[in-house]
Amino acid sequence: MKNKIHMWIVTTILTALFLPILGTLVYSLSTKWTNTLLPQGLTLKWYLEIFQNEMFLNAVGKSFWICLISLFFIGIVLVPTVFVTTYYFKKIEKMMELLVLICFAVPGAVSVVGLIKLYSNEPFRLVGTTYILVGVYFVLAYPFVYRGIKNSLDGLNIKELVESANILGASTKVAFFKVIVPNISKGLSVSMLLTFSMLFGEFLLVNMLVGGKFQTVQMYINSIKSGYSGHYSSALVVVYFMILLMLTGSAFYIGEKNNRR
Amino acid sequence: MENILKLEKSKKISIPKRGLKEHEKGFLILIPFIILIGMFLISPFISVFIGSFLNEFNEITLENYEYILKSKFIKQSIFNSIELAVVSTFMGLLISLQGAYSLNRLKNSSKKNILLFINMLSNFSGIPLAFAFIILLGSNGVMTILLKNIGLIDGFDVYSKTGLMLMYIYFQLPLGLLLLYPVFDRVDPQWQEMVNIMGGSTFTFWKRVGIPVMLKEILGTMLIMFANAMGAYACTLALTNGTYNVMTIRITSYIAGEVAYEPGIASAMSIILGGILIFVVIINEVMLKKKRGKYEK
């Protein structure tokens with residue numbers, strides 16, 4: 001009996017959360033829908049239009065590209081950093097935790113003000129280029145990826161692992177690449193995928209720091225406010241959601257596989 | 001355990017030289033991280049702080065703050081931001097506490113799938129979210145038409161404060177559910193039985209045992225939700241076309257230069273926004289200490 005109540009509560013919340021997406025899905029599949037209870041006809045026309053639109057495909061490509069580069073950067077910088085602080089510098093570790101809090105607390109609108117002031121002029125003219133995005137995405141992703149790496153590292157006894165490798169004649173560097181990295185790679189890829197879907201949805205920073213020149217998916221969706229039909233834009237939202245579904249789904253799949261082992 | 005400790009100590013004594021060298025090498029690895037954080041987190045923040053005290057001739061002044069104090073428009077944006085953040089955090093917290101609790105009571109197999117969906121929804125934000133809201137609740141929206149046809153409503157204005165509030169609560173929910181879901185692990189169901197046996201009601205249990213046990217995480221979640229709402233920008237901009245006056249939209253309008261280019265005022269507003277968040281962090285800490293003291297006595 002009690003279980004049923006809980007089932008109802010969860011179902012209600014989930015339904016409410018999915019309502020905007022479901023409504024958008026139905027609207028994107030309809031030919032015309034004004035002032036009638038149900039849509040007047042069903043069609044896939046809007047989806048075909050989206051996948052033939054070069055601007056959209058370009059935007060998806062650009063979003064993927066910039067997120068991949070940023071994540072690559074985050075990975076090669078952050079994994080050794082977290083390892084080194086956990087292994088050698090316990091004091092710096094506290095600082096890293098504090099930085100996580102600061103990254104959470106400083107809203108994008110605030111850092112944008114400082115970034116524009118610092119990097120609009122020589123010698124670092126970064127505003128308007130995509131280089132600046134790699135930097136700000138690093139900061140944006142840092143709290144999430146840091147937690148992911150740290151949790152995986154805490155799951156291993158790295159001190160013992162590295163020391164045994166040392167005794168067997170391997171240097172700490174070799175131990176890091178051959179023992180530590182393979183052991184955290186699954187946990188790392190899960191947090192990377194989840195961070196990817198977060199960066200994929202970034203708008204404020206791209207809009208303010210790079211502007212219309214670099215059109216990511218969110219920028220594209222924002223740009224079609226006028227001139228396109230509501231059906232087209234709702235199909236776009238559905239496609240966007242499907243991409244999120246793929247990213248989050250694969251993260252979950254990898255995580256599950258990891259747990260089962 | 002002691003043996004391991006001894007072993008570690010003896011090792012440290014036996015290879016002191018190598019340890020030192022590796023320490024130095026280790027520090028070199030930290031340099032790229034320090035540069036990136038310095039360039040894109042620390043120095044922008046310092047620049048905002050300094051910039052908030054400079055006028056257009058680069059002289060040190062309090063003009064920017066004075067301007068904010070006098071401007072009704074800016075004060076309104078601060079009030080609106082806080083109102084949206086407080087109400088959406090509070091509502092979001094209430095719903096997600098109940099939701100997370102109910103989710104914990106479900107069977108394992110369905111839990112995982114539900115968590116996957118919630119995780120996905122937590123990233124459904126910004127412009128697409130605002131679009132989905134317009135399509136669902138706009139004047140010709142799916143839901144609006146349905147309810148109108150049934151005769152339940154006369155019409156709904158999604159571009160109003162109510163619409164905005166609904167959207168804020170919407171994007172707080174997945175966050176709250178994800179953060180609070182694991183917290184209920186700390187409450188043993190047997191405790192409730194014990195309280196009931198001793199004659200306490202379910203309400204007493206939650207008031208005296210359940211909530212205090214989870215207090216630290218609940219307050220932490222509140223903090224993240226509050227910061228999340230205060231920093232919201234894209235969805236607010238897209239839903240109201242920038243006409244609803246909130247802090248993030250005001251700040252960016254002062255540096256984007258569409259209406260006015262006022263970096264000093266944008267900086268001072270940023271410092272106020274940051275200050276509000278820091279203030280909330282401090283209140284959070286104080287409340288925690290107070291409660292902790294109370295229950296430890």
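Results for (1) under 22 Å from A:Glu202 (Cα atoms); (2) at pLDDT 85 or above; (3) part of a helix (DSSP H, G or I); (4) open to solvent by less than 80 Å² (accessible area, probe 1.4 Å), shown as yes or no for each residue.
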site: A:Asn35; (1), (2), (3), (4): no, no, no, no
site: A:Leu38; (1), (2), (3), (4): no, no, no, no
site: A:Tyr47; (1), (2), (3), (4): no, yes, yes, yes
site: A:Ile50; (1), (2), (3), (4): yes, yes, yes, yes
site: A:Phe56; (1), (2), (3), (4): yes, yes, yes, yes
site: A:Val60; (1), (2), (3), (4): yes, yes, yes, yes
site: A:Trp65; (1), (2), (3), (4): yes, yes, yes, no
site: A:Ile69; (1), (2), (3), (4): yes, yes, yes, yes
site: A:Phe73; (1), (2), (3), (4): yes, yes, yes, no
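Please determine, by comparing only the residues of the stretch B:188-203 that are open to solvent by less than 100 Å² (accessible area, probe 1.4 Å) and outside any helix (DSSP H, G or I), which one is farthest from B:Ser96 (Cα to Cα).
Here the answer is B:Gly199.
Does the stretch A:145-163 hold any residues that are within 11 Å of another protein chain (Cβ to nearest Cβ) and crowded, with 19+ Cβ neighbours inside 10 Å, and which are they?
Residues satisfying the conditions are A:Tyr146, A:Val162.
Just to be sure I understand, how many residues within the stretch A:97-129 are within 30 Å of A:Phe252 (Cα to Cα) and either within 9 Å of chain B (Cβ to nearest Cβ) or of a type in the set (Val, Ile, Thr) (or both)?
Number satisfying all stated conditions: 10.
Looking only at the stretch B:78-95, decide whether some residue is within 8 Å of another protein chain (Cβ to nearest Cβ), assigned to a helix (DSSP H, G or I) and touching a residue at least 12 places away in the same chain (Cβ under 8 Å).
Yes.
Within the group A:Tyr131, A:Tyr142, which residue is surrounded by fewer than 21 Cβ atoms within 10 Å (Cβ to Cβ) and of a type in the set (Phe, Trp, Tyr)?
A:Tyr131
Which ones in the stretch B:126-150 are open to solvent by less than 50 Å² (accessible area, probe 1.4 Å), out of contact with any helix residue (DSSP H, G or I) (no Cβ under 8 Å at 6 or more places or on another chain) and more than 7 Å from chain A (Cβ to nearest Cβ)?
Matches in the stretch B:126-150: B:Leu147 only.
Can you find even one residue in the stretch B:24-35 that is touching a Pro at 6+ places or on another chain (Cβ under 6 Å), part of a helix (DSSP H, G or I), at pLDDT 55 or above and within 9 Å of chain A (Cβ to nearest Cβ)?
Yes, the stretch B:24-35 contains at least one residue that is touching a Pro at 6+ places or on another chain (Cβ under 6 Å), part of a helix (DSSP H, G or I), at pLDDT 55 or above and within 9 Å of chain A (Cβ to nearest Cβ).
Test each condition in (1) crowded, with 19+ Cβ neighbours inside 10 Å; (2) out of contact with any Gly (no Cβ under 7 Å at 6 or more places or on another chain) for A:Tyr88 and report the one that comes out false.
(2)
With closer than 27 Å to A:Cys103 by Cα, open to solvent by less than 30 Å² (accessible area, probe 1.4 Å) and not hydroxyl-bearing (Ser, Thr, Tyr) as the only criterion, which of B:Ala256, B:Ala229 stands out?
When all the criteria are applied, what remains is B:Ala229.
Given the criteria over 30 Å from B:Leu115 (Cβ atoms) and open to solvent by 10 Å² or more (accessible area, probe 1.4 Å), does B:Gly242 qualify?
yes
Among the residues of the stretch B:173-187, how many are open to solvent by less than 60 Å² (accessible area, probe 1.4 Å) and farther than 27 Å from B:Phe124 by Cα?
Total meeting the criteria: 1.
Just name the residue that is farthest from the other protein chains (Cβ to nearest Cβ) out of those in the stretch A:176-187 that are at pLDDT 85 or above and surrounded by 20 or more Cβ atoms within 10 Å (Cβ to Cβ).
A:Ile184
Yes or no: A:Ala251 of a type in the set (A, V, I, L, M) and at pLDDT 85 or above?
For A:Ala251, the condition - of a type in the set (A, V, I, L, M) and at pLDDT 85 or above - is not met.
Among the numbered conditions (1) assigned to a loop (DSSP other than H, G, I, E, B); (2) within 18 Å of the chain's Cα centre (by Cα), tell me where A:Gly169 comes up short.
It fails just one condition, (2).
Being small (Gly, Ala, Ser) and more than 21 Å from the chain's Cα centre (by Cα) is the filter here; which residues of the stretch B:207-263 pass it?
Scanning the stretch B:207-263 gives B:Gly210, B:Gly242, B:Ser253, B:Ala256, B:Gly257, B:Ala260.
Within the stretch B:207-297, which helices (runs of 4 or more DSSP H) (wholly inside it) include 2 or more residues that are away from chain A (no Cβ under 11 Å), in contact (Cβ under 8 Å) with a residue 12 or more places away in the chain and under 29 Å from B:Asp185 (Cβ atoms)?
Fully inside the stretch B:207-297 and qualifying: B:211-230, B:263-296.
Which of the residues that make up the stretch B:48-62 are outside any loop (DSSP other than H, G, I, E, B) and open to solvent by 20 Å² or more (accessible area, probe 1.4 Å)?
Those that are outside any loop (DSSP other than H, G, I, E, B) and open to solvent by 20 Å² or more (accessible area, probe 1.4 Å): B:Phe49, B:Ile50, B:Leu54, B:Ile60.
The values are calculated or read from the model by the stated rules, or taken from the named source; none is laboratory data. Bear in mind that the values here come from a model prediction, so they are computed numbers and not experimental data. Ideal geometry is used to build each Cβ from the backbone, glycine not excepted, and the neighbour counts take in all protein chains shown. The protein model used for the area step is the full one, side chains on, heavy atoms only, and it has no ligands, DNA or RNA in it. Shrake-Rupley method; radii C 1.70, N 1.55, O 1.52, S 1.80 Å.
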